[in-house]
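Below: one structure, written as structure tokens.
Values quoted throughout were computed directly from the atomic coordinates according to the rules given, and no laboratory measurement underlies them. Note that the structure is predicted; figures quoted are calculated from it, not measured. Heads up, the Cβs are rebuilt from the backbone with ideal geometry, glycines too, and the neighbour counts pull from every protein chain shown.
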Amino acid sequence: MQRIDIRELPISDWGDIETSHGNFEETTQRIKRALKEVAFAERYLFIGGDHTITIPIISFFSEKIRKYVHLDAHADFEDSYLGSKYTHGSVLRRVGEIIGWEKIVLVGLRSVSKNAMRELEEYGVEYYTSLEIREDPRILEQKLQSADYISLDIDVIDPPYAPEVANPEPLGLEPLQLIKALINVRPKIVDVVEVVPKDHTSITAILAATIIREVLIAMTK
Ligand SMILES: [Mn+2]
């Protein structure tokens, strides 16, 4: 793809943040502490992990976000999920509460509960299904262009290319289509989440690494 050696990019790896499993408050504090230390940076890329990491990140940067694009097979729009308000099933709902419903766009949707569907409409959330994107890739390009923050749940991609995710859904985006759109944008913040590889030969993990490489090159252009 882009003819650049990633080792020559002006980027730094600021290490890992250990999550406290099942303790969202503690994990949030750890993420916020770490973000304060790197608050000087121009752009950021975060690698998950569970999609919930997006919530503390967006609340830290909330004033700088005019448009947030949520690439996901699912709506993540449940008010609470399995008794908790802070899970991968309610990420977009929390993000909308923090930055405002008009600033969020959901792209790649193809699995949603009846309730969440009705609430997406009620709150006026802009959303596009994966089939709409496959038919007209310009929608994807335009939405990514406008984004300050892109949250990429790897399950937005078609399962044959990315099978190792918690909740695979058929008929997703094609990786090449997504990468082509991503290399033309320079968002301030990107996160890549929900990769659940079984081992180092995982095609899902390798695809995620390829996407991250291309995004990093694009972000530093
Ligand atoms: Mn998600």
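3J(HN,Hα) couplings calculated from phi for the range 96-106 with the Karplus curve 6.51 cos²θ - 1.76 cosθ + 1.60 (θ = phi - 60°) are, in sequence order, x, 5, 6, 9, x, 5, 6, 8, 9, 10, 9 Hz; Gly and Pro show x. Here the 3J(HN,Hα) profile of the range 79-87, calculated from phi with Karplus coefficients 6.51, -1.76 and 1.60 at θ = phi - 60°, is 4, 9, 9, 6, x, 10, 7, 10, 9 Hz, Gly and Pro shown as x. Taking amide H positions as modeled 1.01 Å from N, with prolines and chain starts lacking one, the residues under 5 Å from residue 190 and 5 or more places away or on another chain are 44, 45, 46, 150. Assuming a ≥ b ≥ c are the square roots of the Cα gyration tensor eigenvalues, decide whether the range 93-221 counts as rounded (a/c under 1.5), prolate (otherwise, with a/b larger than b/c) or oblate. It comes out oblate by the Cα gyration axes.
Are any of the pairs 64/103; 85/188; 32/103; 67/114; 36/85; 32/221 more than 20 Å apart by Cα-Cα distance, and if so, which? From the list (64/103; 85/188; 32/103; 67/114; 36/85; 32/221), the Cα-Cα distance tops 20 Å for 85/188; 32/103; 67/114; 36/85; 32/221. Exposure proxy for 27, 201, 54, 210: other Cβ atoms within 10 Å of each Cβ, ordered fewest to most, give 201, 210, 27, 54.
Taking other Cβ atoms within 10 Å as a rough exposure proxy, 114, 85 sort from fewest to most as 114, 85. Expressed to the nearest 5 percent, the antiparallel share of DSSP beta bridges inside the chain is 5 percent.
Residues 133, 65, 6, arranged from fewest to most other Cβ atoms within 10 angstrom of their Cβ, appear as 6, 65, 133. Would you please classify the overall shape of the chain from the alpha carbon gyration tensor, given that a ≥ b ≥ c denote the square roots of the eigenvalues, rounded means a/c under 1.5, and beyond that prolate means a/b larger than b/c while oblate covers the rest? Judged from the Cα gyration tensor, the chain comes out rounded (a/c under 1.5). Please label the shape of the range 120-175 as rounded, prolate or oblate, based on the square roots a ≥ b ≥ c of the eigenvalues of the alpha-carbon gyration tensor (a/c under 1.5 means rounded; beyond that, a/b larger than b/c means prolate, else oblate). Taking the square roots of the gyration eigenvalues as a ≥ b ≥ c, the range 120-175 is prolate. For residue 127, the residues whose amide H sits under 5 Å from its own are 106, ignoring neighbours fewer than 5 places away on the same chain, with H placed 1.01 Å from N. In order along the range 59-74, the phi-based Karplus estimate (6.51 cos²θ - 1.76 cosθ + 1.60, θ = phi - 60°) of 3J(HN,Hα) comes to 6, 5, 9, 3, 5, 8, 9, 9, 9, 10, 10, 9, 8, 6, 6, 10 Hz; Gly and Pro are listed as x.
Taking the Cα centre of the range 1-40 as origin and assigning +1 to Lys and Arg Cβ atoms and -1 to Asp and Glu Cβ atoms, the resulting dipole is close to 140 debye. Normalised by the number of residues in the chain, the average gap of Cα pairs under 8 Å and 6 or more apart makes the relative contact order 23 percent. Pairs of Cα atoms nearer than 8 Å and 6+ residues apart set the relative contact order; for the range 32-99 it is 34 percent.
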